[in-house]
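Derivation of every value follows stated rules applied to the coordinates shown; laboratory data play no part. In this text, all values refer to a predicted model and were calculated from it rather than measured experimentally.
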Amino acid sequence: MTAPGRPSYPHVHQINVSDGGVPKKPIREAKLTERGVEGDRQRNLKVHGGPDRAVCLFSLELLERLQDEGHPIDSGSSGENLTLAGLDWELIRPGVVMSVGSDVRLEVMSYTVPCSHNAPWFRDGDYQRISQKKNPGWSRVYAKVLREGLVRSGDAVTVMKAQAKVWIDGPRP
C-alpha cells in the first residue's frame, strides 16, 4: 500500500548531500557521476566514496519502521545520498542493477558498515541497528554509477537485474 501523497511506483523520495559527514541535507536534484553525487563530500575517504562507493542508498520504508521503533532518524541522517521508496529492500543487494530516472544506471556493490557518527539517530546510540551483519535486510548499500546523469526527487527507480550472491558488511571479494 502506498502512503498518501507518494507516487505508486518505486521512486527517489529524497536526494541528500553534505559538506562532509552526517546528517546530509535534502536537495531537489543532483548530477550523479562515477565520482559520486555532485555537491556531496565525505569526511573519511578511506571508508567512504570512490567508484564502488559513489552513491549510498537507503529505504524510506525502513527509515519509517526505525522511527516506529522510537529511533530519531530521518532521510539523510545516516548519510544516504538517495532515499528510495517503494522497493522491496530485501532484493536490493550487491549485484543488483537499477535505473534511476531516464538517465542514471547504478550497480549495488556492497552493504555499508555503519559507524559511530550514526549513533545520534538511534535510541541508546545503537547504530548497529542498520548493520547487515547484525540485522540482515536493514543496511544501506553502496552503488557504482554505470551511467551518469541528473536525478530528481520523484524519479522512477527500476530494478533491471538482480543477483543471488550476498556480501555482508564490506567490499566484495
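222 nm [θ] for the chain, helices only, -39500 (n - 2.57) per DSSP H run of 4+, per residue, to 500?
Roughly -1500 deg cm²/dmol at 222 nm, from the helical runs in the chain.
When the C-alpha atoms of region 16-116 are aligned to their principal axes, what extent does each axis show, in angstrom, from largest down?
Taking max minus min along each principal axis of the Cα atoms, region 16-116 gives 36, 28, 26 Å.
Return the Cα extents of region 77-163 along principal axes one, two and three, sorted largest first, each rounded to a whole Å.
Principal axes ranked by extent give 41, 26, 21 Å for the Cα atoms.
State the extension gain, in nm to one decimal, for the chain segment bounded by E148 and S102, taking 0.36 nm per residue of separation less the distance between their alpha-carbons.
Once the chain is fully extended between E148 and S102, it gains 15.5 nm.
Candidates [x] 1.09; [y] 0.92; [z] 1.05; which is the computed Rg/Rh (Cα atoms, Kirkwood Rh)?
The calculated read-out lines up with [y].
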